[in-house]
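Notes follow once the structure below has been shown.
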Amino acid sequence: MTQGVTKINLEMLKKLLIFSVIMFGFGYALVPMYEKFCEVTGINNLLQPDVVDKNIKVDMTRTIAIELDANVRGLPWQFKPLQSNVKIHPGESLEVMYEISNVSDQEISGQAIPSYSPRFLEKYMKKFECFCFTKQVLKPGETRQMPVKFVIDPQIPVDVNTVTISYTFFALQPGK
Amino acid sequence: MNNTEQPAEKASAMQVAKAVFWSFLGIRKKDDLDRDAKMIKPHQVVIGGLIGGVIFVLSILTLVKVVTS
Amino acid sequence: MAVVQDVHGHHDHHPSGIMRWVTTTNHKDIGTMYLWFSFAMFLVGGFLAMGIRAELFMPGIQILEPELFNSFTTLHGLIMVFGAIMPAFVGLANWQVPLMIGAPDMAFARMNNWSFWLLPVAGMLLVSSFFVPGGAAAGGWTFYPPLSAQGGMGVDMMIFAVHILGASSIMGAINIITTILNMRAPGMTLMKMPMFVWTWLITAYLLVLVMPVLAGTVTMLLTDRHFGTSFFNAAGGGDPVLFQHIFWFFGHPEVYIMILPAFGIVSEIIPTFSRKPLFGYSSMVYATASIAILSCIVWAHHMFTVGMPTVGQLFFMYATMLIAVPTGVKVFNWTATMWRGSMTFETPMLFAIGFIFLFVIGGFSGVICAIVPIDIQVQDTYYVIAHFHYVLVSGALFAIFGAVYYWLPKWCGRMYDVKLANMHFWLSMIFFNVAFFVQHFLGLAGMPRRIPDYSLQFADFNMISSIGAFGFGLTQLFFLYIVIKCIRGGEKAADRPWEGGNTLEWTLPSPAPYHTFETPPVIK
Ligand code: HEM
Ligand SMILES: [Cu+2]
């Protein structure tokens with residue numbers, strides 16, 4: 001092999017290695033890009049209050065039964081809704097209360113993640129206020145009552161009569 | 001270092017666009033291809049391909065927008 | 001292992017025995033080792049497949065506990081994709097690329113040795129993960145969190161194995177790109193390169209494009225598991241769906257990485273045995289390149305049921321279906337090459353034609369999976385299993401078999417036993433279809449994938465499928481026998497055993513000497 005070829009080869013090696021490293025970085029860059037994309041397009045908008053049209057009409061002809069559910073995953077809290085079900089007219093705004101208490105002797109923070117059934121309820125569920133928008137920090141033994149304020153969009157398909165709203169609290173690592 | 005055939009003249013943007021478009025389909029006339037091979041430089045193809053890719057994506061997006069609206 | 005032993009040692013002396021293989025930088029030795037490694041992994045993955053099919057032979061749990069069954073499916077996928085198919089293609093590239101472009105060796109011979117020797121380490125990690133507490137990874141070859149964020153030590157071993165395999169592939173790809181771009185013989189312009197070399201060049205670029213992304217993904221998974229980050233952990237503000245996006249951003253180009261070299265092989269074999277030049281050579285080159293670029297924008301067709309706005313679903317559906325077009329054009333090109341050629345049906349040709357037949361079926365079922373309303377039904381069912389086995393087994397693997405029969409006379413200077421080899425083809429063809437065709441029906445009827453048990457109405461088809469699978473598995477042991485028999489003492493092969501072969505490797509003696517093209521050939 002002549003010296004010349006080796007040198008071109010080394011140059012090529014360098015370029016391709018740099019390219020690989022860039023692509024490795026690109027993999028990481030996909031994380032903020034994905035978050036930005038979801039934010040801009042409004043997909044996966046779990047932790048922000050919704051903006052609701054002021055002129056939303058209440059549809060008195062329909063009543064939807066809402067079942068409230070609460071879970072904790074991996075932290076020593078008790079978490080429950082103060083009412084297990086409510087009835088609502090689409091378009092009407094409603095407040096429901098949840099209660100958490102920290103039964104351990106440590107300060108712990110947690111984050112609630114909502115989930116809905118049927119799944120498309122997410123599209124019609126407009127929340128102005130929710131304890132799930134921020135993390136919750138509870139001192140040892142502390143108990144707290146927290147509201148969720150929302151309306152259900154009257155556009156919701158007519159065959160929906162019963163829905164379930166569920167929250168699960170996850171433990172957050174200290175310092176988050 | 002291996003290219004004995006030097007590009008005779010530079011290809012026009014239109015010619016690159018055509019080459020890229022046909023490549024998306026996967027067919028190309030032999031004569032056109034010979035001309036492409038002589039005139040279009042690799043970096044032109046790469047840039048043309050990237051632009052072509054973007055146009056491809058945008059046109060599908062437009063189509064989807066039309067269909068869903 | 002005797003493939004090239006009898007011809008080495010003309011020029012310089014190198015260690016003999018095992019050290020020869022450990023230290024070798026010769027592209028032929030390394031290619032041979034890649035191929036044997038991949039065959040060994042093929043047997044391991046095949047063993048797992050036999051376990052899966054044995055469990056599914058009848059409804060109910062008979063031999064594998066559900067957790068172990070899940071480990072079997074997971075490791076079967078990982079080992080076949082990263083251990084068998086990909087290294088086999090790299091091995092073929094090592095052997096053939098320098099021979100086909102008239103280069104004396106790969107550009108970075110030392111690095112070539114490293115990239116091979118990383119593989120057994122990764123293979124050992126994967127296999128031994130079965131024996132650690134908690135067992136091997138069991139969350140599927142796509143290792144989606146949250147399952148992969150839980151799991152025991154086996155998952156960590158899998159993550160390291162993927163890291164190592166990724167590093168090996170990247171080094172291999174860099175080597176191949178540099179060899180192809182810088183070391184062609186004078187006169188071998190890009191547009192004169194054999195199709196196999198072209199497809200490998202494009203594949204290698206795809207590898208350096210997406211392998212690092214995979215490495216990034218598994219690194220994130222690792223830090224999520226052990227260092228408190230929350231990329232994919234919902235509790236910490238992460239998002240498991242993000243994982244799927246990043247994984248498939250790698251994953252879909254990856255499936256093309258596994259099929260483009262197969263396209264190249266078929267594009268060598270078909271013209272040779274049709275005694276006609278490849279129809280539309282240059283459009284094939286163009287189409288391959290555009291398939292590669294566009295394969296990077298269709299990933300979310302694997303995620304239609306994950307939850308996506310309609311606009312997204314339609315976008316990925318249309319894009320996926322459009323990319324099937326250049327793929328389809330290739331099939332027409334091969335058919336047109338055979339049209340009015342004077343065809344003969346040697347074993348490589350049989351495999352190539354079998355490839356075309358069955359790959360088309362796999363391509364069609366792919367397009368069907370790409371249609372959102374249908375995919376919502378068939379996603380995660382046996383229909384998808386049938387789809388990708390038609391493109392991977394009767395696609396990639398058949399092409400590899402074809403390539404081995406095509407070049408074996410050149411590699412070891414002896415002819416394989418034609419009768420047995422043809423029998424290998426026919427048995428593979430029949431058993432493959434018995435095993436996998438019925439899986440389409442199972443999927444359409446709603447049988448989910450990755451389950452050790454199923455309801456009674458699926459029993460008959462599962463039994464048929466298992467019988468086919470056992471037959472296919474045994475047939476591959478027969479392949480091993482054929483290859484060993486050929487190496488040990490086949491008939492002496494001519495330098496140009498196929499009179500239609502026009503690429504450079506056929507100008508060399510058979511078996512190819514240890515060092516070739518030290519003075520570059522001149523291409524007219
Ligand atoms: C004609 C071109 C193709 C189309 C339109 C296509 C389309 C698809 C679609 C839509 C899926 C997702 C199905 C689902 O999960 O519900 C899929 C899965 C898959 N395809 Fe293809 N495909 C094509 C070719 C290929 C090729 C050439 C390969 C590999 C050589 C391949 C390998 C796979 C694999 C491995 C999966 C399953 C991944 C998994 O979930 O484990 N496909 N394909
Ligand atoms: Cu895909």
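Remark: segment C:99-114, residue by residue, has Karplus-estimated 3J(HN,Hα) of 5, 7, 10, x, 9, x, 6, 6, 5, 10, 5, 5, 5, 4, 4, 4 Hz, where x stands for each Gly or Pro and the curve is 6.51 cos²θ - 1.76 cosθ + 1.60 at θ = phi - 60°. Electrostatic tally near C:V162: other residues with Cβ closer than 12 Å to its Cβ, Lys and Arg +1, Asp and Glu -1, net -2. The phi-based Karplus calculation (6.51 cos²θ - 1.76 cosθ + 1.60; θ = phi - 60°) puts the 3J(HN,Hα) values of segment C:157-167 at 5, 5, 4, 5, 4, 5, 4, 5, 4, x, 4 Hz, whole numbers, x for Gly and Pro. Amide H to amide H distances under 5 Å link A:A70 with A:Y167, where only residues 5 or more positions off or on other chains count and H is placed in the peptide plane.
Hey, what D do you get for segment C:358-498 in µm²/s if you plug the Kirkwood alpha-carbon radius into Stokes-Einstein at 25 °C and 0.890 mPa s? Approximately 147 µm²/s, per Stokes-Einstein.
With a 10 Å cut-off around each Cβ of C:291-302, the average count of Cβ atoms from other chains is 2. Taking amide H positions as modeled 1.01 Å from N, with prolines and chain starts lacking one, the residues under 5 Å from A:L172 and 5 or more places away or on another chain are A:S109, A:G110, A:Q111. The 3J(HN,Hα) values that the Karplus relation (6.51, -1.76, 1.60; θ = phi - 60°) gives for segment C:33-41 are, in residue order, 5, 4, 5, 5, 4, 5, 5, 4, 5 Hz. Gly and Pro appear as x. Per-residue extension of 0.36 nm, minus the Cα-Cα distance of C:L477 and C:K192, leaves a gain of 98.8 nm for this segment. Please tell me which of these pairs span more than 27 angstrom C-alpha to C-alpha: A:K15/B:K41; B:K41/C:K276; C:K276/C:K330? Listed pairs above 27 Å: B:K41/C:K276. For segment A:41-114, the list of trypsin sites (Lys or Arg not before Pro) that fall in a loop by DSSP and count at most 16 other C-beta atoms within 10 angstrom reads A:K54, A:K57, A:R62. Taking label points 7 Å from Cα along the Cα-to-Cβ direction, C:H226 and A:K123 give a separation of 4.4 nm.
Rounded to the nearest 0.05, the FRET efficiency derived from the C-beta distance between A:T63 and C:T310 at R0 = 22 Å is 0.15. Site-free segments of chain C were taken between chymotrypsin sites (Phe, Trp or Tyr not before Pro) in DSSP loops having at most 15 other Cβ atoms within 10 Å, sites themselves excluded; the longest one is C:1-226.
Of all the Cα-Cα pairs you can form in the protein assembly as shown, what percent are over 50 Å apart? All intermediate terms of the calculation are to be shown ahead of the outcome.
Working: 63485 of 295296 pairs.
It works out to 21 percent of all Cα pairs.
Over chain C, Cα pairs under 8 Å with separation of 6+ residues give a relative contact order of 19 percent. Report the calculated FRET efficiency for B:V57 and A:Y116 (r = Cβ-Cβ distance, R0 = 56 Å), to the nearest 0.05. About 0.95, to the nearest 0.05. Taking Cα centre as origin and charging only the Cβ of basic (Lys, Arg, +1) and acidic (Asp, Glu, -1) residues, the dipole magnitude of the protein assembly as shown rounds to 1640 debye.
The C-alpha atoms of chain C define a longest principal axis, and helix C:66-78 lies at about 30 degrees to it. Scanning residues 5 or more positions from C:R414 or on other chains, those with amide H under 5 Å from its amide H are C:A493, with H placed 1.01 Å from N in the peptide plane.
What shape does chain A have by the C-alpha gyration tensor, where a ≥ b ≥ c are the square roots of the eigenvalues, rounded means a/c under 1.5, and otherwise prolate means a/b greater than b/c and oblate the rest?
Judged from the Cα gyration tensor, chain A comes out oblate (a/c at least 1.5, b/c at or above a/b).
Extending 7 Å from the Cα toward the beta-carbon at both C:Q377 and A:K87 defines two label points whose distance is 4.0 nm.
Within the same chain, aspartates and glutamates fewer than 8 places from A:K57 are excluded, and of the rest, those with a Cα less than 18 Å from its Cα are A:E92, A:E95, A:D153. Listed cross-link partners A:K126/A:K149; A:K54/A:K149; C:K192/C:K410 are compared with a 19 Å cut-off, the Cα-Cα value being larger for C:K192/C:K410. For segment A:1-44, what log10 I(q)/I(0) values come out of the Debye formula at q = 0.19, 0.20, 0.30 1/Å, with one point per alpha carbon and no solvent? Listed by q, the Debye log ratios stand at -0.66, -0.69, -0.92. Rounded to the nearest 10 degrees, the inclination of helix A:3-41 to the longest alpha-carbon principal axis of chain A is 10 degrees.
Measure off 7 Å from each Cα along the Cα-to-Cβ vector at A:K36 and C:E499, then give the distance between these two points in nanometres to one decimal. The two pseudo-label positions are separated by 6.4 nm. Estimated from the Cβ-Cβ distance and a Förster radius of 51 angstrom, the FRET efficiency linking C:T23 and C:A336 is about 0.60.
Between Rg and the Kirkwood Rh of chain C, both from Cα atoms, what is the Rg to Rh ratio?
That ratio equals 0.95.
Against chain C, whose longest principal axis is taken from its Cα atoms, helix C:418-444 shows a tilt of about 20°.
In whole Å, what three semi-axes, largest first, describe the equivalent ellipsoid of segment A:78-176 built from its Cα gyration tensor (square root of 5 times each eigenvalue)?
29, 13, 11
The trypsin sites (Lys or Arg not before Pro) of segment C:332-422 that meet both conditions, a loop assignment by DSSP and at most 12 other Cβ atoms within 10 Å of the site Cβ, are C:R340.
Counting only other chain Cβ atoms within 10 Å of each residue's Cβ, the peptide C:246-256 averages 1.
Rule-based calculations on the coordinates, nothing more; no lab input. The shown structure was predicted, so the numbers you read here are calculated from the model rather than taken from an experiment. As a convention, Cβ positions derive from the backbone with ideal geometry for all residues, glycine included, and neighbour counts pool all protein chains shown.
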